[in-house]
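My questions will all concern the structure given below.
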Amino acid sequence: MSLHHLSPVTSSAETFGPELVAQLNTELAALPLPGRILRIASLGRAVFTTSLGLEDQVLTSIIAATQAEMRIVTLDTGRLFAETTKLIADTEAHYDLSIEVFKPWKEEVDGFVSLYGMNGFYDSVEARHACCHARKLQPLGRALENADLWVTGLRRGQSGNRANAPLAEWDVDRGLLKINPLADQSLETLRARAKSDDVPVSPLHTKGYPSIGCEPCTRAIKQGEPERAGRWWWEQDERRECGLHLSASVSGSRAQGQPKVTASAS
């Protein structure tokens, strides 16, 4: 089956399986970024999750320029930097588009706070994973409902944990294609593109924050440190992640004992 003759498809392990992943990795590698975005959008219902960092802002600019049919969503954890919140509105105005905002359920956050305290994530990895689960993983699950493809801003140069990130992979836990169109791009290349294309970027980048997450969990990096050294800096594991880009079996995203709260979307 030729990938070039694929029409938009429904989400299933049989259709979106290893054969399609291998073909996409080959095809996307040969395309410029705008071509990658258009090819991804042609495959089915694509959802791009942005955290408003440099990588994601570049992708948003390309989606806008190509008018690719792709939803753009972000996760408002309730602990974002004010600069990030402002950038959401600025980006929407700059590109005349809408960014869907998904927030955590109040019950999930209350469950975490009652068990660990508002800032209990500093006390243990278990607690931090529980906080990430309530504030990020649960909203992500709702954002990706009915999606065929999940588009991210992951790059291999961001951390050792992401050094082998492919352009396309099969997300077993979520049952969809995960596409990382910037996987093979360098930070320098993206900085140059953002400058030439007048992409709105966070002012935090010029203050030593190459990677930006929740305010309590992010610090500026020191000279010589890796890009993501400022994320959850009090933990010793150099491969630390919030769990969004790890399988459920690896991320430990729900801490033992945290109450599970279910609620239907309104």
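The values are calculated or read from the model by the stated rules, or taken from the named source; none is laboratory data. Nothing here was measured: the structure is a model prediction, and the numbers come from that model. Every residue, glycine as well, gets a Cβ built from its backbone with ideal geometry; the counts of neighbours run over all protein chains shown. Note: accessible area is taken over every heavy atom of the protein model, side chains too, but ligands, DNA and RNA are not part of it. Shrake-Rupley method; radii C 1.70, N 1.55, O 1.52, S 1.80 Å.
Across segment 104-120, what is the number of residues that are touching a residue at least 12 places away in the same chain (Cβ under 8 Å) and closer than 29 Å to Gly175 by Cβ?
7
I've got another one for you. Looking at segment 190-222, which of the residues that are open to solvent by 70 Å² or more (accessible area, probe 1.4 Å) and of a type in the set (Ser, Thr, Tyr) is farthest from Leu54 (Cα to Cα)?
Checked segment 190-222; the qualifying residue farthest from Leu54 (Cα to Cα) is Ser196.
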